[in-house]
Structure formats: structure tokens, C-alpha cells
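To start, the structure itself, in C-alpha cells.
The values are calculated or read from the model by the stated rules, or taken from the named source; none is laboratory data. Here the structure is a predicted model, which means the values were calculated and not measured. Every residue, glycine among them, receives a Cβ derived from its backbone with ideal geometry; neighbour counts consider all protein chains shown.
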């Protein structure tokens, strides 16, 4: 068996073992063509024809690099094992033809000789190079105020005349800082770096790459006359932000077939820039106050008994919880039925009602509605985990099989091969799963209807809308007539929006909790920073993510306190991260599935205390949990005020002190609303940290000591203290929140 796909899997960053690299070669430049085989193949040749007859190019066998990206540091988690198991172990064969001149077309196919003498061939394929040409007739850069470098524009033109990409440059002034591009883990200021805007599931280690779950083609340029730019596109874009030329910001973008690209430049203060962006893309919707309370979850809390026991322990330890996220609740096949529930299969894929289910008294979930009712009586809201996929491995049975048939028969799935067959997930997580086409109103309604009873009858309050990054490849086809190139990034926006519609239709707030997004996600619920290990690096990188996401209008944001994967954090990392998270929009902890092995890896304060042997963890966690409860009214009011002003709740210092150049020396500091400044401790063993206080009068919330701004202060940082300062004019209103913790 030999396989060649010119476009590969559509992986955004890693070519697969069976594709052209690049897919469209550049005229006069080297390229390679790959094919993959199983075992028993003795030789592979590429039959190559540029019009002068077929010649044979001998392919060289090289080690296969696999289907997927880096699985992160630890490899003992279930997701890391899935990533490793999803790698393609076939052999990779490579030919490197001579570069093609512009105007040249070649056709080719591969032939593989098996050890038994059989010959297997692929289909014929055609390749023609593209070339860059000066000028870009369909480029529009509005309100650029002279920042567009006039002769910089060029177009990448295919052999048939189609424009594939546009490239142009904007001027950067000395001292300007560039912040944005969605949620970015690697840094706050991107000047001197290169990156792109493409939704991607980077499982762990995000801060060591420019990849992100939540990109946006928008950034602010700050330091002189504040301005911003927004590419009005959902296609992939690339940025060289003064890396090649310190005075230029190069932008490259895929284009629709007509070669058009519109970029708007904005001028004004940072909050005015963000307001203008949100006016165009959609303003965030205020969520209820309860989202500001402590969120708790663990992937191994997979029975009703365990869930209630964990909530009991929070109560007994006097650590108030406001939101419970139950991840491992479903049958892991339909993602609509509680595990071990008994019911009659609806062979037509129709939705069930609560009365259709029987829950075994000794089962995992003997009374889901009773459990939710009890949690509500305890003032705890409940979210259930979701993925936007219909699993096909192992082969589905029962209701899952009926649902898969319904998706295929009614064409409720995203399609591939020009719309000929259902798309199968090409990533390592839930490989080969079907992806619902949310641009199809019937498919969208069908998908949501199967989950409606969970809201209307069980009474849940929201959904954790995990894993929206599964649409890979420009060849995908959607029901609204668009292709993957245009709509794959937008799937991450429509996915939580769809669940928000379901909640809203049932009279509830649209509380969803996602990790992936794109332009437009600002009004699609709440977000967390994705999957990370429990390391100091991950902590620092997650701070970058929160500050940059907020600069693009993501209001309700948090992260898995001290990371969710690998062994538990030590007491110091946990408490430093927890204290900082007390001053973030979403405060939540979570832990990854670990096959129920002992010792537990739960990120509950008592488990960290037990594992670390440090009893201070419980005491300090309790104190910050109570402080968080007292902060809720402040957080809600500041969110309301900030939304009207274009200022996010958690925000970089430049929103309030735009022209203070010193703030750029302290990129991990942030404001929480208009009155609080937070300086997280991100270095192990730190007995103190330098805090920059912008101009004005500031009060240390823990001591009441007043400081004059415009200077750096050295703040002692015992294990129970995160440096937080209040503006002096607001201290009288805030003092009561902190005085009980002095």
C-alpha cells in the first residue's frame, strides 16, 4: 500500500509523510514530494513528466515524522499517550525534483515495489509552481496614516492566475511595542518575533512556540501614537514584526480566489482601539456574577459519589466553591448520555428526554437531576464537558452508531473531497471522528437538541466546550458553501456560540468555557488557557496568555491553577499560582485523567497539602478562596464598567498608563479593573519582587502602606502574599475586602 496526498492532512505546522512540501512550490525554488508505505516495500520511484516523457526519480526512505505535533513534556498522561499513539508509523519516501520554472507544469505518480514483486501505484497528480509578483491590486489598507510602505505589496500568483497570498509592510517607529494577535503564551510584546494566526491545539509547552488555540489577526502598536490594525479575514495570516527589518511589520495573508484582502488601521488610545475592534467583531456579553467564584474540577471525578464527596470536602475545609465542572460524566461515546444509564436506542438519532433514561441505583450516576438539585441548594453551579465530535474509534455501537448514521445520512457533517464524503478528524485526539457542520442550521439544531434535556430537565448551568480545533485542511467543505481555508478558524467561534444559544433558549446565561477561538470569540463565553504542565514556565507563559487575550477583548479568562498535567505542583508553585488566580477573571483548578493511579493528582488544596507535606497550603488556599468571594461584587462592577469603556477586566498596564514607558519592563504585571494592580510572583524561592507602580498614589492592600507612583518598590513576598496595590482614591471602598486577611 502506498499513499500520496498533495495537501497532506492539513496540519498547520508539520508536513505529513505523504504530501508535497510546500504544497504549492515556488518557481525556481526546491521542493519535495513524499509518499508513505507500510512494511514490505523494497523500492519506491516517482514517475515524473514535465512534457518530455516520463522519467523515474528514485525515492529515498527517511524516518517517518508522524501525523501530529509535539505532545509536550510528560508522556504518562492519557492525552500524551493518545498523541503518541496517533503518530503515523508508516515509512516515508521522498523525492526532490529539480525546481520548476514559472509557467512549467509537471505530472507525477508514485510506484512501490513490494518484496513479493507486486507493483502498486498512486493516482497521477499535477504540480505547477507559483511566483511572487510586485503589486496587489485587491489589497485595501484603510486609514493607514502613511504607515503602509507603498512599494511593499506583492501577490503570490498560481499558474492559472489565481492569487494565493498577499504580502505587504507597515512601518514601525522606534520604541513601539506590538501586543495582540489573540492569546499568546510566548511574550506580551511581539516586536522582534514572527508568528501566524491559525487555530491549533498545542498540547502543553505553548510558551515555547508561537502557536496558540486562540489567535486573531489584530494587534495594537503602542509607545508613540497608539494605533492598531485588523485584517478582515478568517484565513491564515503570518507576521514578521520587526524580525527581518526592525522598522517594518511584514504581513502575509491567504486570500480568497479574487485575491482580495482588507486591512483597517485604527488610531486612538488603547481602550478606543479595542472598542473599535469590538464594535466590528462583536462585544462581549456580560455573564452572571457566579462565574467570578471559585471553579473546581478533576478529570477523575467520574461518579456522583465522588463529585459529592469532593464538594463535601470543600465545605468541610471551608473552601467555598461556586462552579463545578464535571468532565467525566458521559458514556464517552455519545457525549449526551450519563455513563451506564439504561435507555432504548433511538435508531433515527432523535434526542432523548430525561424520562427515557433509567439510572442504576448502584451505578456511576444514580440520580443526575437529584445531584444537580443538591448542588444548586449548596449554591454551586454545574457545567458539563463537551467535545464537538462523534467518535468513530472504536467502532460506535448503540446510540452512538445511530447518531453517526444520522450525521452521515443527513449530511450533518463537515465534508471533504469536494463534498463527496464526511470529513474524519485528522488529529491525534479522537482520530477519524465526525465533525458536525454548524453552518448547517439543521445539523446545528439536531446536535443541540440531543443535549437540551441536560439543560431543561437535569438543570445544568453551562458547558465546558473543549476541543474546537479539529477542522484541518483547506479542502474541507461546509454547508454554507465555504471551504476549510475560510471557515476552519471560525468553527471555534460557532461551536461555543451554538451551546450558548441552547442555554439562552432555555432561559439561562450563555456560560460556555472554551480554550479555542478566533475573531468573534469575544462574545462566545469564557475561556481558559488550555492544557499545561505544572511548571513555573507554564505559569509565566499563562500570564502572557491572559494579558494578550484580554488585549484582544477576551474578558472572562483563566487558567488551570498551577497547571493540570503531570505530577502535582509543589506547595510553592501551587500557592503562588493560586494567589495570582484570585485576581484573574476566572479562578479555577483542574487536573488531568491519570487512570486512577495513586497517589492522586487532584489539584485540590488538601491533596496538594498532603502530597507536599505542607499544611500551609490549606490555610492559605482557604484565605484566598474567601477573599475571592468578597471580590465578586467588585469584579462584576468593574466588568460592567470596563465593557462600556473598552477596557477588559484583566488588562495590561498600558490601558491605563499608555505613555509610561517603564511599564514595558514589567510585562507580567496587570490591572484587575480600574483600582487594583497585581504583580504575580513567578520565580521559585523569591523572598521579594520588584513592583513598578505607575504615577499616582497607591496603597498596599495587605499592609495599608501608601506609596507614591512613578517608581519601583521592593515588596516582600512571603508564601502567602501576592503583591497587590490599590489606587489611593479607591482604597476606602476596597479596604474592607482585605482587612480581614491582614
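Take residue 40 and tell me if it is more than 22 Å from the chain's Cα centre (by Cα), at positive phi, modelled with pLDDT under 95 and surrounded by 14 or more Cβ atoms within 10 Å (Cβ to Cβ). Full working, then the answer.
Numbers: more than 22 Å from the chain's Cα centre (by Cα): yes; at positive phi: yes; modelled with pLDDT under 95: yes; surrounded by 14 or more Cβ atoms within 10 Å (Cβ to Cβ): no.
For residue 40, the condition - more than 22 Å from the chain's Cα centre (by Cα), at positive phi, modelled with pLDDT under 95 and surrounded by 14 or more Cβ atoms within 10 Å (Cβ to Cβ) - is not met.
Residues are listed down the side, and each one gets a yes or a no for (1) modelled with pLDDT under 90; (2) touching a strand residue (DSSP E or B) at 6+ places or on another chain (Cβ under 6 Å); (3) in the same structural domain as residue 30 (by TED's automatic domain parsing):
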site: 56; (1), (2), (3): no, yes, yes
site: 60; (1), (2), (3): no, yes, yes
site: 95; (1), (2), (3): no, yes, yes
site: 116; (1), (2), (3): no, no, yes
site: 137; (1), (2), (3): yes, no, no
site: 142; (1), (2), (3): no, yes, no
site: 157; (1), (2), (3): no, yes, no
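Part of a loop (DSSP other than H, G, I, E, B), in contact with a strand residue (DSSP E or B) (Cβ under 9 Å, 6 or more places away or on another chain), in contact (Cβ under 8 Å) with a residue 12 or more places away in the chain and surrounded by fewer than 22 Cβ atoms within 10 Å (Cβ to Cβ): which single residue out of 225, 240 fits that description?
Of 225, 240, the one residue that is part of a loop (DSSP other than H, G, I, E, B), in contact with a strand residue (DSSP E or B) (Cβ under 9 Å, 6 or more places away or on another chain), in contact (Cβ under 8 Å) with a residue 12 or more places away in the chain and surrounded by fewer than 22 Cβ atoms within 10 Å (Cβ to Cβ) is 225.
Residue-by-condition table, conditions (1) buried (at least 21 other Cβ atoms within 10 Å of the Cβ); (2) under 25 Å from the mean Cα position of the chain (by Cα); (3) part of a loop (DSSP other than H, G, I, E, B); (4) in contact (Cβ under 8 Å) with a residue 24 or more places away in the chain:
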position: 400; (1), (2), (3), (4): yes, no, no, yes
position: 404; (1), (2), (3), (4): yes, no, no, yes
position: 419; (1), (2), (3), (4): no, no, yes, yes
position: 429; (1), (2), (3), (4): no, yes, yes, yes
position: 439; (1), (2), (3), (4): no, yes, yes, yes
position: 442; (1), (2), (3), (4): no, no, no, yes
position: 448; (1), (2), (3), (4): no, yes, no, yes
position: 454; (1), (2), (3), (4): yes, no, no, yes
position: 457; (1), (2), (3), (4): no, no, no, yes
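The rows are residues; the columns are (1) more than 26 Å from residue 514 (Cα to Cα); (2) buried (at least 20 other Cβ atoms within 10 Å of the Cβ).
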position: 307; (1), (2): no, yes
position: 316; (1), (2): yes, no
position: 351; (1), (2): no, no
position: 373; (1), (2): no, no
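For the stretch 631-683, give me each residue that is in a loop (DSSP other than H, G, I, E, B), more than 26 Å from residue 704 (Cα to Cα) and in contact (Cβ under 8 Å) with a residue 24 or more places away in the chain. If you could, list the steps in order and put the result at the bottom.
Of the stretch 631-683, the ones in a loop (DSSP other than H, G, I, E, B) are 646-649, 656-660, 666-669, 673-675, 679-683.
Going one step further and asking which of them are more than 26 Å from residue 704 (Cα to Cα), we end up with 646-648, 658-659.
646, 647, 648, 658, listed by residue number.
Output the residues belonging to the stretch 168-195 that are assigned to a strand (DSSP E or B) and either buried (at least 19 other Cβ atoms within 10 Å of the Cβ) or in contact with a helix residue (DSSP H, G or I) (Cβ under 7 Å, 6 or more places away or on another chain) (or both).
Across the stretch 168-195, the qualifying residues are 168, 169, 170, 177, 178, 179, 180, 181, 182, 195.
Test residue 326 against the stated conditions and say whether it is buried (at least 22 other Cβ atoms within 10 Å of the Cβ) and assigned by TED's automatic domain parsing to the domain that holds residue 461.
Working: buried (at least 22 other Cβ atoms within 10 Å of the Cβ): yes; assigned by TED's automatic domain parsing to the domain that holds residue 461: yes.
Spelling it out, residue 326 is indeed buried (at least 22 other Cβ atoms within 10 Å of the Cβ) and assigned by TED's automatic domain parsing to the domain that holds residue 461.
Can you tell me which residue among 699, 713 is within 30 Å of residue 570 (Cβ to Cβ), over 34 Å from the mean Cα position of the chain (by Cα), outside the structural domain of residue 553 (by TED's automatic domain parsing) and in a strand (DSSP E or B)?
713
What about residue 367, is it farther than 28 Å from residue 467 by Cβ, surrounded by 13 or more Cβ atoms within 10 Å (Cβ to Cβ) and in the same structural domain as residue 514 (by TED's automatic domain parsing)? Give the steps one after another, and end with the answer.
Details: farther than 28 Å from residue 467 by Cβ: yes; surrounded by 13 or more Cβ atoms within 10 Å (Cβ to Cβ): yes; in the same structural domain as residue 514 (by TED's automatic domain parsing): yes.
Yes; evaluated as a whole, the condition is true for this residue.
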